[in-house]
Amino acid sequence: MVERVFNFSPGPAVLPLPVLEEAQRHLLSLPGVGISVLEISHRSKPFEAIMAETKQALVELLGIPSGYQILFLQGGSSLQFSMVPMNLLAGNSADYIVTGSWGQKALEEARKEGEVRAAWDGKADNYNRLPAAGELKLSPTAAYVHVTSNETIQGVQFRDMPKTGNVPLVADLSSDFLSRPVPVEQYGMIYACAQKNAGISGVTVVIVRDELLARSPEKLSSMLDYRVLAKNDSLLNTPPVFAIYILSLITRWLKNDVGGLAKMAKLNDEKAKLLHDVLDESGGFYRGHAKADCRSAMNVTWRLPSEELEATFVKEAKAKKLHELKGHRSVGGIRASIYNAMPIEGVRELRDFMLDFQKRNAR
Ligand code: PMP
């Protein structure tokens, strides 16, 4: 057995061991095909089957109703920051709910494409909370409302999405996609890069309501045009074949090994609670960045009494095989990303290390 540490990286992130093992087992030759998935044509029958299986698995896992297209795109979630306004603004203005660094980036890129505004921005509180009821000023005539489901850097996550009435809700689900059930019918569009919960970097999943495709302007470059990409079933050019293959293995793992997204969410909540409880019961030694009512089950963020202690924490944790715990520089402190594939044993070990570290370092 190869030695592996517990990897708390925010992404690319830990993958389920059975997925890595299957990819390794079949790397030289896909069963019944005799060619590696790294060598296969994207127009071949076996790859068509992988695409079809992956889409069907997403439909089943998420309960995607008819009337939605599933696209596999490149350029990461960052390209969606531009493609969303390019395709969906249609001369109108859009509202952005900014709850952290990624929402801020999405808004900045959208500004280059047309008229957009921040309907709420949590910057004054260093993005440690979500808008309270009544704080949101949404325009009923907006082209769409953009929201970031889980802010990977600050560790702030929506439980229930804001109600937007007839205005389509467009959501960046990059860091909590496939971690819990999602009422897809409440969204106009969802996008998520794969390298957190859905596999490896290279593919971004877009789920978009058919009627929104009519908004894409005629002169838009084909590679940036949802309508053209949908018409060509994401095969307008060579798609990221290997990343789609890994996504197919992830969806199979979620269906067959985990038993669906409700079960996945339950386990993710259980894992997050182990760490949240330590923060809450530490008497202020560990200070969570996000407010308790909106803290993320995916990225748990906290500070220690000093930057020196934070550096020692990261160093000692690494010696205990708990890796990639340093927080993002804009928040500081510690960030533990505990995506789907992080086993609960890894979170228990981190919890035990935190308790011991506090005992040795609290005054
Ligand atoms: N949105 C969120 C919430 C993210 O966490 C990330 C990546 N960490 C991005 C967007 C950008 O994704 P990509 O690097 O695939 O462009």
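The values are calculated or read from the model by the stated rules, or taken from the named source; none is laboratory data. What you are looking at is a predicted structure, and each value in this text was computed from that prediction instead of being measured. Positions of Cβ are generated from backbone atoms using ideal geometry, with glycine treated the same way; all protein chains shown enter the neighbour counts. Quick note on the areas: whole protein, heavy atoms, side chains included, nothing else; ligands and nucleic acids left out. Shrake-Rupley method; radii C 1.70, N 1.55, O 1.52, S 1.80 Å.
Taking the criterion of being among the hydrophobic types (A, V, I, L, M, F, W, C) and assigned to a helix (DSSP H, G or I), the residues of the stretch 24-53 that qualify are 47, 49, 50, 51, 52.
The sole residue among 257, 269, 233 that is open to solvent by 60 Å² or more (accessible area, probe 1.4 Å) and not in a helix (DSSP H, G or I) is 233. State yes or no: is residue 56 modelled with pLDDT of 95 or more, open to solvent by 40 Å² or more (accessible area, probe 1.4 Å) and in a helix (DSSP H, G or I)? So residue 56 fits the description; yes.
Here's the yes/no breakdown for (1) in contact with a Leu (Cβ under 9 Å, 6 or more places away or on another chain); (2) in contact (Cβ under 8 Å) with a residue 24 or more places away in the chain; (3) closer than 29 Å to residue 134 by Cβ:
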| site | (1), (2), (3) |
| --- | --- |
| 160 | no, no, yes |
| 165 | yes, yes, yes |
| 195 | no, yes, no |
| 207 | yes, yes, no |
| 214 | no, no, no |
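With respect to the conditions (1) β-branched (Val, Ile, Thr); (2) free of Cβ contacts under 8 Å to residues at least 24 places away in the same chain; (3) open to solvent by less than 60 Å² (accessible area, probe 1.4 Å), residue 64 falls short on a single one, namely (2). So which residues in the stretch 169-199 are open to solvent by 30 Å² or more (accessible area, probe 1.4 Å), out of contact with any strand residue (DSSP E or B) (no Cβ under 7 Å at 6 or more places or on another chain) and more than 11 Å from the ligand (Cβ to nearest atom)? Matches in the stretch 169-199: 180, 181, 183, 185. Close Cβ contacts (under 7 Å, 6 or more residues apart or on different chains) running from residues in the stretch 334-346 that are farther than 16 Å from residue 155 by Cα to residues that are assigned to a helix (DSSP H, G or I) comprise 342/271; 344/267; 344/270; 344/271. When the residues of the stretch 80-135 are filtered to those that are without any contact (Cβ under 8 Å) to a residue 40 or more places away in the chain, in a helix (DSSP H, G or I) and surrounded by fewer than 18 Cβ atoms within 10 Å (Cβ to Cβ), the one that is nearest to the ligand (Cβ to nearest atom) is 105. Summed over the stretch 102-144, the residues that are among the polar types (S, T, N, Q) and closer than 23 Å to residue 192 by Cβ give a count of 1.
I want to confirm something. Restricting to the stretch 200-213 and keeping residues that are open to solvent by 10 Å² or more (accessible area, probe 1.4 Å) and not aliphatic (A, V, I, L, M), which single residue is nearest to the ligand (Cβ to nearest atom)? The qualifying residue nearest to the ligand (Cβ to nearest atom) is 201. Only one of the numbered conditions (1) more than 30 Å from residue 183 (Cβ to Cβ); (2) touching a residue at least 60 places away in the same chain (Cβ under 8 Å); (3) open to solvent by less than 70 Å² (accessible area, probe 1.4 Å) is not met by residue 314, and that is (2). Within the stretch 8-29, is there a residue that is β-branched (Val, Ile, Thr), more than 16 Å from the ligand (Cβ to nearest atom) and surrounded by fewer than 16 Cβ atoms within 10 Å (Cβ to Cβ)? No: zero hits.
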